[in-house]
1. Any idea how many residues of segment 83-100 are buried (at least 16 other Cβ atoms within 10 Å of the Cβ) and either among the β-branched types (Val, Ile, Thr) or modelled with pLDDT under 95 (or both)?
2. Sort out for me the strands (runs of 3 or more DSSP E) sitting completely within segment 24-118 that have 1 or more residues that are out of contact with any Pro (no Cβ under 9 Å at 6 or more places or on another chain) and among the acidic types (Asp, Glu).
3. Does at least one position in segment 11-27 carry a residue that is out of contact with any His (no Cβ under 6 Å at 6 or more places or on another chain) and under 24 Å from residue 113 (Cβ atoms)?
4. Pairs please, first residue from segment 28-42 and within 16 Å of residue 86 (Cα to Cα) and surrounded by 11 or more Cβ atoms within 10 Å (Cβ to Cβ), second anywhere and among the polar types (S, T, N, Q) and at pLDDT 95 or above, Cβ atoms under 6 Å, 6+ apart in sequence or on different chains.
5. Tell me, which residue of segment 54-87 that is under 30 Å from residue 34 (Cα atoms) and aliphatic (A, V, I, L, M) is farthest from the chain's Cα centre (by Cα)?
6. May I ask you to verify whether residue 46 is open to solvent by 60 Å² or more (accessible area, probe 1.4 Å), under 22 Å from residue 15 (Cβ atoms), of a type in the set (A, V, I, L, M) and in contact with a strand residue (DSSP E or B) (Cβ under 7 Å, 6 or more places away or on another chain)?
7. Do we find a residue being among the acidic types (Asp, Glu), in contact (Cβ under 8 Å) with a residue 60 or more places away in the chain and within 17 Å of residue 4 (Cα to Cα) anywhere in segment 69-92?
8. Among (1) aromatic (Phe, Trp, Tyr); (2) under 29 Å from residue 37 (Cβ atoms); (3) surrounded by 11 or more Cβ atoms within 10 Å (Cβ to Cβ), where does residue 116 come up short?
Amino acid sequence: MRYMMMHKLDDSNPALWQPTPAFIERFGKYMDEVSKAGVLLAAEGLLPSSAGAATISKRDGETTVVDGPFAEAKEVIGGFGIVQVRDQAEAVEWARRFADLFDHDIEIEVRRVSEYEG
């Protein structure tokens, strides 16, 4: 089963978008561990919404493209990871361990990736 873990950051707090050397060290150890476990498929951090490229929306058959940067939101997705695990409990455990890396409040959403069965 594949799960996506998305961590949310306060977009109005620039300090959260600049990880400390201590966090980078903890994060490196976590990435080594999740990689060695063979469950990591992808992981990336995102830039703040102020660096946004565009928003594309479709309503009533009309597609609109609005160039970034985006309007500020309280919480935005700061990064994501995709893991291949045995079950939901294992995905939640990896996300919990990731949350433990942070020195500030953090929210991580864990969602199963839709698998095509055809």
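The values are calculated or read from the model by the stated rules, or taken from the named source; none is laboratory data. From a predicted model like this one, the values you see are computed outputs, not experimental measurements. Positions of Cβ are generated from backbone atoms using ideal geometry, with glycine treated the same way; all protein chains shown enter the neighbour counts. Areas reflect the complete protein model, heavy atoms only, side chains present, ligands, DNA and RNA absent. Shrake-Rupley method; radii C 1.70, N 1.55, O 1.52, S 1.80 Å.
1. 2
2. So the answer is 40-45, 62-67, 75-84, 107-112.
3. Yes, the conditions are met somewhere in segment 11-27.
4. Every condition considered, the pairs that remain are 39/84; 41/84.
5. Out of the qualifying residues, it is 85.
6. Spelling it out, residue 46 is indeed open to solvent by 60 Å² or more (accessible area, probe 1.4 Å), under 22 Å from residue 15 (Cβ atoms), of a type in the set (A, V, I, L, M) and in contact with a strand residue (DSSP E or B) (Cβ under 7 Å, 6 or more places away or on another chain).
7. yes
8. Status for residue 116: all satisfied but (3).
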